[in-house]
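Student: Can you read through this structure? Questions will come right after.
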Amino acid sequence: MRRLFNVLSLWCGLVCVLAGHAAPAWGLSLDDKLALLVAAYPQSLSHVADGRLHFRDGGPPLAIDDGRTKTHAQALESADVEDMLSQPYPIGPCETRSEVDIDPGRVRSEALLKRLYGASREAVIRQLTTIDWFGARLKVTTAQGMDRALLKVRDDLAKLPETVMQPASKSAGTFNWRVIAGTDRLSVHSFGAAIDLDTAYADYWLWAGGRPGDVPYYKNRVPMEIVEVFERHGFIWGGRWYHFDTMHFEYRPELIAIARTAGFDACAAP
Ligand SMILES: [Zn+2]
């Protein structure tokens with residue numbers, strides 16, 4: 001299965017780019033994935049019609065596909081909704097090693113995130129709340145139920161043995177309106193929809209001397225029990241990215257729903 005994943009990842013890396021990320025992933029069509037996207041954000045998303053995503057607030061619909069064929073770097077730079085769903089994210093308590101430029105979840109439509117969480121720092125701040133995180137106070141968004149999902153993560157982490165959950169007991173940050181290092185793209189932290197864990201256990205592709213598209217392997221130090229808890233409640237892990245960021249978890253319930261529906265199991269035995 002792991003080999004199959006690698007082969008298909010490579011295949012998608014080549015073919016999806018050539019086809020403008022239009023190839024179906026794991027038996028799910030783009031329409032299937034869009035239905036799961038709408039279901040994952042019921043607070044804001046209404047339906048899909050005429051190639052556009054419609055919103056409950058009656059605001060302007062968002063085009064799903066800009067029709068451009070993109071390299072991975074270009075998809076990262078200016079993703080549309082279709083690009084955002086193009087790389088399947090695997091779930092389960094097993095590590096996965098991504099092929100070059102397979103970064104499931106790292107390609108994001110900033111236009112969509114702004115509609116889900118707020119289009120400016122002030123708009124995001126208006127929807128923040130403070131939650132208790134093992135004695136610390138973290139600011140996260142209430143939009144899309146992210147705060148409630150993170151509280152479920154916390155409560156499940158608290159059930160793990162103390163030695164296992166140790167890396168999750170400290171957070172290096174949640175809300176922070178900022179761009180991703182070395183880019184002019186907003187980090188998901190800008191929307192209050194991501195959490196970084198203790199940097200003492202973190203591995204990050206830039207710290208490891210990586211360059212875009214040329215990244216060394218890393219040895220994971222975040223227990224997979226922690227990853228499994230986050231995924232259970234709709235968060236993806238940056239440790240599954242080729243451009244890895246192992247302290248980073250972000251709320252992406254659509255990708256978790258797609259993985260569950262498609263049976264994309266990180267642990268499937270070879
Ligand atoms: Zn982060």
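Student: Residue by residue through the range 124-137, note down the ones that are among the hydrophobic types (A, V, I, L, M, F, W, C) and in contact with a helix residue (DSSP H, G or I) (Cβ under 8 Å, 6 or more places away or on another chain). Step through it out loud before you land on a result.
Tutor: Start the filter on the range 124-137 by keeping residues that are among the hydrophobic types (A, V, I, L, M, F, W, C), which leaves 124-125, 128, 131, 133-134, 136.
The answer is Val124, Ile131, Trp133, Phe134.
Student: Now a separate question. Kindly provide the set of residues from the range 117-147 that are over 19 Å from Arg252 (Cβ atoms) and hydroxyl-bearing (Ser, Thr, Tyr), ordered by number.
Tutor: Matches in the range 117-147: Ser120, Thr129, Thr130.
Student: Also: Out of the residues in the range 214-255 meeting the condition of being in contact with a Leu (Cβ under 6 Å, 6 or more places away or on another chain) and within 12 Å of the ligand (Cβ to nearest atom), tell me which one is least open to solvent (accessible area, probe 1.4 Å).
Tutor: This residue is Ile236.
Student: For the range 61-81, name all the residues that are open to solvent by 20 Å² or more (accessible area, probe 1.4 Å) and in contact with a strand residue (DSSP E or B) (Cβ under 9 Å, 6 or more places away or on another chain).
Tutor: Across the range 61-81, the qualifying residues are Pro61, Leu62, Ala63.
The values are calculated or read from the model by the stated rules, or taken from the named source; none is laboratory data. What you see is a predicted model, and the numbers here were worked out from it, not measured in a lab. In this analysis, Cβ positions are derived from the backbone assuming ideal geometry, glycine residues included, and neighbour counts consider all displayed protein chains. The area values use the complete protein model at the heavy-atom level, side chains included, leaving out ligands, DNA and RNA. Shrake-Rupley method; radii C 1.70, N 1.55, O 1.52, S 1.80 Å.
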